[in-house]
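Asks: Following this message is one structure expressed as structure tokens.
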Amino acid sequence: MVLDILVLATLQEGPLHGYELKRRVVRPSLSTVSNNSLYPALRRFEESGAVTVAVEQQEGRPARRTYSLTEVGRRQLVERISTLPAEKAANDEEFAVRFALFDQVRPEARVAVLRERLSAVEHKLATARELVAAHDAHAPASHRDLAAARLVAVLDDERRWTAELIAAEAGRADSDARGTESGAPAVARLLG
């Protein structure tokens, strides 16, 4: 799902041929996009009407296929950003991609994605705390114990940050409903 979002978001910039699209898609994990994942995704998008393809003939070279995002593709992108399935909510990359594109969706959708993420983070935090609690207090700390303690600190920080974002986005959703912009400064403070 991450690749789908990234491809559609990249095509918003304008028509691109496959090689250029592959070069421009940057995953939050910084892993590269392979042809074996990109081109099947592009075929799926073409079949669903999310992209159109223009074939350019080239002298002495294979034809170049240029992909363009359609209105259907724009709607699919917004839909994908607006949802974070519970089974993917614990995946950092799945969340990071959506969060990076939050400016394209309404505050209510942001809150829904953030709530799914918060639930996943709280579950991970509970598991990490169990690891810390399982440590024998009389035994010297092992690297495993140090790693578990660090994980608790990181997850607790993310839990707190995500809860603050939910409050700020909920405020933005309320202000949108009232026609004001009072939620925007709160989000800016959390991100800045």
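The values are calculated or read from the model by the stated rules, or taken from the named source; none is laboratory data. Because the structure is a prediction, the values reported are computed rather than measured. Cβ coordinates were reconstructed from backbone atoms using ideal geometry, including for glycine residues, and neighbour counts include every protein chain displayed.
Conditions (1) small (Gly, Ala, Ser); (2) closer than 18 Å to Val55 by Cβ, marked per residue:
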| site | (1), (2) |
| --- | --- |
| Met1 | no, no |
| Ile5 | no, no |
| Leu11 | no, yes |
| Ser34 | yes, no |
| Ser37 | yes, no |
| Arg43 | no, yes |
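Asks: Enumerate the pairs (first residue in region 1-24 and in contact (Cβ under 8 Å) with a residue 60 or more places away in the chain; second residue anywhere and assigned to a strand (DSSP E or B) and among the aromatic types (Phe, Trp, Tyr)) with beta-carbon separation below 9 Å, excluding pairs fewer than 6 apart on the same chain, so at least 6 apart or on different chains.
Replies: From region 1-24, the pairs are Leu11/Tyr67.
Asks: Would you say Gly73 is among the small types (Gly, Ala, Ser) and either assigned by TED's automatic domain parsing to the domain that holds Leu101 or at positive phi (or both)?
Replies: no
Asks: Moving on to the next point. Looking only at region 40-99, which residues are within 16 Å of the chain's Cα centre (by Cα) and among the small types (Gly, Ala, Ser)?
Replies: Correct list: Ser82, Ala86, Ala89, Ala90, Ala96.
Okay, residues lined up against (1) surrounded by 14 or more Cβ atoms within 10 Å (Cβ to Cβ); (2) in a helix (DSSP H, G or I); (3) of a type in the set (Asp, Glu):
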{"residue": "Ser31", "(1), (2), (3)": "no, no, no"}
{"residue": "Leu42", "(1), (2), (3)": "yes, yes, no"}
{"residue": "Glu47", "(1), (2), (3)": "no, yes, yes"}
{"residue": "Val53", "(1), (2), (3)": "yes, no, no"}
{"residue": "Thr66", "(1), (2), (3)": "yes, no, no"}
{"residue": "Val72", "(1), (2), (3)": "yes, yes, no"}
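Asks: Additional query: Among the residues of region 1-37, write down those that are of a type in the set (A, V, I, L, M) and farther than 24 Å from Ala90 by Cα. First the steps, then the outcome.
Replies: Just the residues of region 1-37 that are of a type in the set (A, V, I, L, M), to begin with: 1-3, 5-9, 11, 16, 21, 25-26, 30, 33.
Once the filter is applied, which keeps residues that are of a type in the set (A, V, I, L, M) and farther than 24 Å from Ala90 by Cα, region 1-37 yields Leu11, Leu16, Leu21.
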